[in-house]
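Take a look at the structure set out below.
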Amino acid sequence: MKAAVLEALEKVTIIEKPKPAINPKEVLVKVVAPYLSGHGNDKRPISEISFNDYIDKVCQVLDILADPVMLVGHSMGGRGCHHASCRISAGED
């Protein structure tokens, strides 16, 4: 499991920027943008990738993060975020 966590972290981009507030030093927003299956360094053919692979990747990243999160995704990414949040809420992951 530890190797899978390290592998997932290697494929995640983390950007930290102060969130606009009265005192910007009080609030820090962490943006985590994982490469989903078939993107980034994943060279598997698209025929070998399923939508469940997307959901699994989002769930792996959520398992690594200790802080509360807000999932944001566009189009297929939004669908994957929705399904991952449902899976986690249901205790399936």
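Every number in this text was worked out from the coordinates using simple rules, so none of it is lab data. A quick note: this is a predicted structure, and the numbers were derived from the prediction, not measured. Because the Cβ atoms are built from the backbone with ideal geometry, glycine has one as well, and the counts that use them run over all protein chains shown.
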Label-point separation in nm, ALA90 to ILE64, each point 7 Å along Cα→Cβ: 2.5
Length gained when the stretch TYR35-HIS83 is fully extended (0.36 nm per residue, less Cα-Cα span): 15.6 nm
Three-way shape call for the stretch 32-93 based on the alpha-carbon gyration tensor, with the a/c threshold at 1.5: prolate
